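Quick notes on the structure that follows.
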Amino acid sequence: MNVMILGSGGREYSMGLAIKKDEQVEKLYFCPGNGATENLGENVAIKDYNELAEFAKLNNIEFTIVGPEGPLVDGVVDIFKSHNLTIFGPTAAAARLEGSKVYMKNFLAKYNIPTARYIETNSIEDAFKFIETLPVPVVVKADGLCAGKGVIIAMSHEEAKKATSEMLSGASFGDAGKNVIIEEFLDGYELSMFAICDGDDYVLLQAAQDHKRLLDGDEGPNTGGMGAYAPTPLVNEEIYQKVKDRVIVPTLDGMKKEGAPFEGVLFIGIMVVNGEPITLEFNVRFGDPECEILMPLLKSSAFDLFHKAATNRLNELKVEFLDEYAVGVVMASADYPYKSSTPAQIIVDEILHDELKENAHISYAGVTLEDEKLLATGGRVLVCVAKGSTIKEARDRAYLLCGQVHFAGKKIRNDIAYQAL
Ligand code: AMP
Ligand code: GLY
């Protein structure tokens with residue numbers, strides 16, 4: 001079968017690597033892909049989704065997987081389905097769980113899914129009044145998609161009010177900030193959990209931890225994620241069970257009641273507070289770099305998992321995971337996340353150690369191919385991923401691989417998976 005993956009990041013590269021292992025997959029297409037996905041398949045540069053659906057039919061692409069939230073919120077799944085094409089991802093209606101934080105918080109409240117205490121408002125007076133009732137820090141969130149920048153953790157009431165005014169006036173995020181969520185700050189440890197859903201059933205993957213801040217010790221500005229590892233030993237069976245019973249099952253039931261059954265990847269951002277998992281937010285796609293470490297931990301076919309989910313047959317599947325750990329270290333360009341950097345050639349040393357050859361690989365993200373040279377052109381350039389029988393072994397291998405990859409200005413965090421070691 002020919003398969004297309006929408007997106008251009010390390011997440012999409014890693015999905016490509018994973019599904020290619022299944023011999024049912026013949027040719028891979030990426031739209032738009034990056035400078036390295038061309039080694040796995042063919043890049044397609046079509047922006048209009050109806051045109052892309054026509055391209056899929058013309059090229060016998062029988063299955064499409066959507067990586068990022070943008071096309072989902074824009075309704076690519078609805079369009080492909082109207083062309084009778086099989087596609088994995090939520091409809092625009094279901095993607096509102098990520099596209100609107102107001103929709104998501106009201107959904108959580110309606111179905112009694114534990115989340116931080118909040119108000120949703122477009123009134124500056126109501127916002128200020130609620131802020132005064134909360135202890136600091138206070139969390140202020142813009143309603144719409146803000147490329148990961150729409151959440152402010154304000155250290156004082158003043159700062160919270162300033163952030164709120166700037167959002168409501170449209171100054172910080174335009175229309176995406178015209179409604180805001182003000183909520184209490186939850187103090188605990190954060191998890192990323194992913195449920196592959198087919199509308200009725202789900203498969204929960206291993207719990208991961210991301211590293212959102214740029215610098216070691218969780219210092220510096222927020223980023224898309226500087227590294228991740230899984231499974232995290234911070235999660236026991238009891239927490240998994242609570243997430244299933246209190247979050248995933250009521251969400252799938254609730255979305256059916258709302259007339260928008262959830263099919264796709266439900267990314268649950270969780271804060272564990274005193275042993276209780278509280279839902280911070282939903283995303284409707286894989287996390288990046290979490291996807292890059294979860295794909296290699298699948299013992300069963302990733303293709304089968306996505307395809308069965310897209311055709312409402314997850315109940316036929318028994319998914320197995322490797323009894324190993326994976327660690328991913330993001331290599332970013334010099335000026336990430338502030339501004340784009342000068343393109344720099346990427347050189348990867350020949351890997352001589354069998355141990356590394358067998359257990360580590362690179363997932364490419366912000367790269368461009370020019371005159372057969374691979375250039376670092378994006379913010380997050382690539383992810384060095386490794387597996388091991390312990391977290392330490394996986395992490396040592398990932399950092400060994402980092403040492404073999406060179407480009408001017410490269411930067412990494414040196415403490416990925418510190419929470420578990
Ligand atoms: P979100 O986009 O909602 O995931 O928020 C981005 C990040 O802000 C999260 O990954 C958390 O680290 C942090 N965050 C969001 N909401 C809260 C909260 N209520 N309490 C503490 N931290 C939060
Ligand atoms: N790594 C977090 C995200 O993809 O949103």
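The values are calculated or read from the model by the stated rules, or taken from the named source; none is laboratory data. Bear in mind that the values here come from a model prediction, so they are computed numbers and not experimental data. Neighbour counts run over all protein chains shown; Cβ positions are idealised from the backbone, glycine included.
Go through region 277-306 and report how many residues are part of a strand (DSSP E or B) and within 12 Å of ligand 1 (Cβ to nearest atom).
So the count comes out to 6.
So is Gly89 closer than 30 Å to Leu52 by Cα, modelled with pLDDT under 95 and either surrounded by 23 or more Cβ atoms within 10 Å (Cβ to Cβ) or within 16 Å of ligand 2 (Cβ to nearest atom) (or both) or not?
Values: closer than 30 Å to Leu52 by Cα: yes; modelled with pLDDT under 95: no; either surrounded by 23 or more Cβ atoms within 10 Å (Cβ to Cβ) or within 16 Å of ligand 2 (Cβ to nearest atom) (or both): yes.
No.
Could you grab me the full set of residues in region 84-101 that are assigned to a loop (DSSP other than H, G, I, E, B), in contact with a strand residue (DSSP E or B) (Cβ under 6 Å, 6 or more places away or on another chain) and on the phi < 0 side of the Ramachandran plot?
Residue satisfying the conditions is Pro90 alone.
Being of a type in the set (Asp, Glu) and in contact (Cβ under 8 Å) with a residue 40 or more places away in the chain, is that true of even one residue in region 240-247?
Step one: filter region 240-247 for residues of a type in the set (Asp, Glu), giving 245.
Then keep just the ones that are in contact (Cβ under 8 Å) with a residue 40 or more places away in the chain; that gives none.
The answer is no; no qualifying residue exists.
For region 72-83, enumerate the residues that are among the acidic types (Asp, Glu) and part of a loop (DSSP other than H, G, I, E, B).
Answer for region 72-83, where residues must be among the acidic types (Asp, Glu) and part of a loop (DSSP other than H, G, I, E, B): just Asp74.
Check region 191-210 and report whether any residue there is more than 18 Å from the chain's Cα centre (by Cα), away from ligand 2 (no atom under 16 Å from the Cβ), surrounded by fewer than 18 Cβ atoms within 10 Å (Cβ to Cβ) and not charged (D, E, K, R).
Scanning region 191-210 turns up no residue that is more than 18 Å from the chain's Cα centre (by Cα), away from ligand 2 (no atom under 16 Å from the Cβ), surrounded by fewer than 18 Cβ atoms within 10 Å (Cβ to Cβ) and not charged (D, E, K, R).
Is it the case that some residue within region 385-404 is among the charged types (D, E, K, R), buried (at least 20 other Cβ atoms within 10 Å of the Cβ) and more than 30 Å from Asp198 (Cβ to Cβ)?
Yes; the residues of region 385-404 include at least one that is among the charged types (D, E, K, R), buried (at least 20 other Cβ atoms within 10 Å of the Cβ) and more than 30 Å from Asp198 (Cβ to Cβ).
So Ile152 passes all but one of these: (1) aliphatic (A, V, I, L, M); (2) at pLDDT below 95; (3) more than 15 Å from the chain's Cα centre (by Cα); (4) surrounded by fewer than 16 Cβ atoms within 10 Å (Cβ to Cβ). Which condition number does it fail?
For Ile152, the exception is condition (4).
Report every pair of residues separated by at least 6 positions or lying on different chains whose Cβ atoms are under 7 Å apart, first residue within region 150-165 and more than 21 Å from Glu281 (Cβ to Cβ), second more than 12 Å from ligand 1 (Cβ to nearest atom) and in a helix (DSSP H, G or I).
His157/Ile131; His157/Glu132; Lys161/Phe128; Lys161/Ile131; Ser165/Ile124
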